[in-house]
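Notes follow once the structure below has been shown.
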Amino acid sequence: MIVAAGFSLDARERKVVRFSGKLIQLETSGPEAFIEYEDSTSQRIKKVYCDADTMKGFSEFAGNESGLFVEGKAAQLSLTSDVWVCVGRPNIRKKYSVEPPSSKKTNLRAIYGQVVEAEENGQIVYTSNGKRSHLSIDPRIAAGFKKKLERMETVEIRGNFYYDRGKGYYVEE
């Protein structure tokens with residue numbers, strides 16, 4: 001038998017679920033301490049009741065709920081009840097924020113060597129230190145390399161390149 005916030009709960013009947021969402025209101029003291037949150041999946045405001053001992057550590061968040069996220073487990077008071085009570089200690093934290101990708105090129109490669117083959121679709125083959133390597137570059141540059149190779153000119157590739165996922169080939173920095 002579990003007793004929380006003045007409610008008794010028989011362990012054989014309870015349905016336990018995970019909950020998570022944006023924290024709306026936090027009441028940390030009194031006989032009916034609760035967490036009110038906006039459910040992440042249904043976008044509805046829901047309330048979970050917790051005992052005073054569980055809520056004791058959350059007094060620092062009370063009154064300053066903006067930007068906080070709550071997750072935890074709750075048990076249904078009975079099969080037909082809409083009242084949920086905490087199971088264990090919920091987690092309250094800052095919501096993760098996603099930033100736009102930085103302009104710093106993390107996949108930068110220094111490429112140097114002599115171009116030995118070039119196709120108009122952007123595929124080139126170059127040699128560096130006796131090793132043949134394949135690379136996809138801007139098709140216009142590769143077409144220029146191909147024309148020079150057809151005229152039997154020596155073509156060098158030298159520079160820092162990064163892979164542009166949007167374009168699908170390496171671009172010179």
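The values are calculated or read from the model by the stated rules, or taken from the named source; none is laboratory data. These numbers come from a predicted model, not from an experiment. For neighbour counting, all protein chains shown are included, and Cβ atoms are generated from backbone atoms with ideal geometry for every residue, glycine included.
Values as computed for the structure displayed
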quantity	calculated
Output for segment 20-46, where each listed residue is of a type in the set (Ser, Thr, Tyr) and either surrounded by 16 or more Cβ atoms within 10 Å (Cβ to Cβ) or outside the structural domain of Ala74 (by TED's automatic domain parsing) (or both)	Thr28, Tyr37
Condition check for Tyr49: modelled with pLDDT of 75 or more, touching a Lys or Arg at 6+ places or on another chain (Cβ under 7 Å), surrounded by 16 or more Cβ atoms within 10 Å (Cβ to Cβ) and assigned to a strand (DSSP E or B)	no
Identity of the residue in segment 52-77, exposed (fewer than 15 other Cβ atoms within 10 Å of the Cβ) and of a type outside the set (D, E, K, R), that ends up farthest from Ser29 (Cα to Cα)	Gly67
Checking Phe69 against (1) part of a loop (DSSP other than H, G, I, E, B); (2) without any contact (Cβ under 8 Å) to a residue 60 or more places away in the chain, the condition it does not meet	(1)
Complete set of residues in segment 123-171 that are in a strand (DSSP E or B) and free of Cβ contacts under 8 Å to residues at least 24 places away in the same chain	Gln123, Val125, Thr127, Ser128, Lys131, Arg132, Ser133, His134, Asp164
Residue that is modelled with the lowest pLDDT, among those in segment 52-71 that are under 27 Å from the mean Cα position of the chain (by Cα) and under 19 Å from Val85 (Cα atoms)	Phe58
Qualifying positions in segment 137-170 - hydroxyl-bearing (Ser, Thr, Tyr) and within 15 Å of Gln114 (Cβ to Cβ)	Thr154
Meets criteria (within 37 Å of the chain's Cα centre (by Cα) and among the hydroxyl-bearing types (Ser, Thr, Tyr)) for Tyr170	yes
